[in-house]
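These notes concern the structure reproduced below.
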Amino acid sequence: MTNGYFSISDLAREFTITTRAIRFYEDEGLIAPKRDGQKRLYTQRDRVRLMLILRGRRLGFSLKEIAEIIDLYDREPGEQGQLKLFLGKIEERRQLLIQQQDDIKQTLIELDQVEANAKLRLGELQKKQ
């Protein structure tokens, strides 16, 4: 960090991501560094936004959802509205994951059944030889 600003390399190193990923988030309008010629200068606000973007991605949120949540902080109703939206998104994500978990469990049961039937049939065929 220099003069209150972070370089793209500083942020890439801190969050163990590529500079290309940071530029992608910039291209998507999620962060907006200042410029000094060709050099990007990231503020503490950009750093926090990047941290929230990465957390949102780990939780499975889309970039559109992340942008919607982050951008609410700067608009009315501010942080309270942001947190309410975030809690709603968390519940939606949780329900989706629970449904996916149920689907996976059902698929595993079906795979067990198909596998058992295939092994049984293979055993029958091998006995006939």
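At-a-glance table
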| item | result |
| --- | --- |
| Check on LEU72, under 14 Å from LYS89 (Cβ atoms) and without any contact (Cβ under 8 Å) to a residue 24 or more places away in the chain | yes |
| Within segment 1-34, tally of residues that are open to solvent by less than 40 Å² (accessible area, probe 1.4 Å) and of a type in the set (S, T, N, Q) | 1 |
| Any hit, segment 111-125, residues being under 17 Å from the mean Cα position of the chain (by Cα), at pLDDT 95 or above and exposed (fewer than 13 other Cβ atoms within 10 Å of the Cβ) | no |
| Per-region count, segment 35-50, residues open to solvent by less than 50 Å² (accessible area, probe 1.4 Å) and farther than 24 Å from ILE69 by Cβ | 1 |
| Residues satisfying the stated conditions in segment 51-92, i.e. charged (D, E, K, R), open to solvent by 60 Å² or more (accessible area, probe 1.4 Å) and assigned to a helix (DSSP H, G or I) | ARG55, ARG57, ARG58, LYS64, GLU68, GLU79, LYS84, GLU91, GLU92 |
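The values are calculated or read from the model by the stated rules, or taken from the named source; none is laboratory data. Please read these numbers as outputs of a predicted model, since none were measured by experiment. Reconstructed Cβ throughout: ideal geometry from the backbone, glycine too, with neighbour counts over all protein chains shown. Accessible surface is based on the protein model in full, side chains and every heavy atom, while ligands, DNA and RNA are left aside. Shrake-Rupley method; radii C 1.70, N 1.55, O 1.52, S 1.80 Å.
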